[in-house]
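A short reminder: the numbers here are calculations on the coordinates, not readings from a lab. Predicted, not measured: the structure shown is a model, and the values here were computed from it. Don't worry about glycine lacking a Cβ; one is built from the backbone with ideal geometry, like all the others, and counts go over all protein chains shown.
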Amino acid sequence: MATSMKTSIQAEIETHYDRAQDLKAFDDTKTGVKGLVDAGIAIVPKIFIQPPDNFNNPNNTQFSFPIIDLTGIDKDPVRHREVVDEVREASETWGFFQVVNHGIPVSVLEEMMEGVHRFYEQDSEVKKQWYTRDFRKAVVYHTKFHLFSAPAANWRDTFYCLMAPKPPNREELPPPCRDILMEYSKQVMKLGCCLFELLSEALGLSPNHLNDMDCNEDLLLWAITPKDAPARAHCWPDQALRQRLPHCAAAGSIEASKFFIEPLG
C-alpha cells in the first residue's frame, strides 16, 4: 500500500508539469513565497513539493545540542577555563554550538527581529528592488539560493547582506531595517572576536591568535520569513582561516564551527 501511494504521488508530480518553466515564472514575479501567500493561493505549487524519496522516516530521535553560557568569562578565571573546554568539546563533537548570555542587549535582538518583519511586510512592488540572483550585491533577497537545481523549492523567503569586512553604504540597506542592521552587526562582530579568542585558546594558542590572522573580518547576516523564526547571525571562519587552521592542533574539528546567537540571551 505504501509503495503504491508513493508511486501515485510521484506520478502526480511529474505528469503535465514543466518544472523549469514554473520555476522561472515564479522567480520572475520577484515576490517570493510571501507573494503567493498574499495572493491567497489555496494549493501549494508543485515546485515546492518534495519528491517522496526525500521524505524522512518519522522517528522520535531527540538531540541535545551544545549550549554554552558565556556568563562571567571576563571576570571568573575558573569559569573562563570551563568555557574554553566546552568550546573545544562542542567543536570536536558537533562542529557548532549555541551561545547564551553573550552580552548582546535584548533590545537590539528584538529590534533586529522587528526590522526583519518590517522588511517582509513592505509592499511587494517596494521589495522587488531587492530581489536578485546577483549575489555580489549588498543586499540579496530571494526564495532559495539553489532554486533552479534543488529537488524542491523551500517554502520561505530569505534576504541577506554581507556586513564585513567591507560594509555596504547605509543607503544600500533596506530602510525598514538599515539602522538596526548596522548596530546589530557591530554587536555581533564584537561577540565574534570574543568567540575567536575562545577558539584560539581551545586550540592551545594565545587568545589573540585567530583575530590576529584576521579570521574575524567576515560577517554575513540573513533572515527568513517565518514570523516566529529567531534572528540569527552565523559567523564562520573565512577562507584564510580554512587554509591556515590545518596547521594547528585540532583544526579539523574546529574550523567548521558556527556560532548561533540565541535571541533571548
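Of the peptides 95-107, 195-207, the ranking by mean beta-carbon count within 10 Å, highest at the top, reads 195-207, 95-107. Is the shape of segment 93-138 rounded, prolate or oblate, going by the alpha carbon gyration tensor and its root eigenvalues a ≥ b ≥ c, with a/c under 1.5 for rounded and a/b larger than b/c for prolate? Oblate, because a/c is 1.5 or more while a/b does not exceed b/c. Pairwise alpha-carbon distances in segment 99-212 exceed 22 Å for 48% of all pairs.
Look at the alpha carbon pairs under 8 Å that are at least 6 residues apart: their mean separation over the length of segment 16-144 gives a relative contact order of 26 percent. Near Q129, once Lys and Arg are set to +1 and Asp and Glu to -1 for all other residues with Cβ below 13 Å from its Cβ, the sum equals -1.
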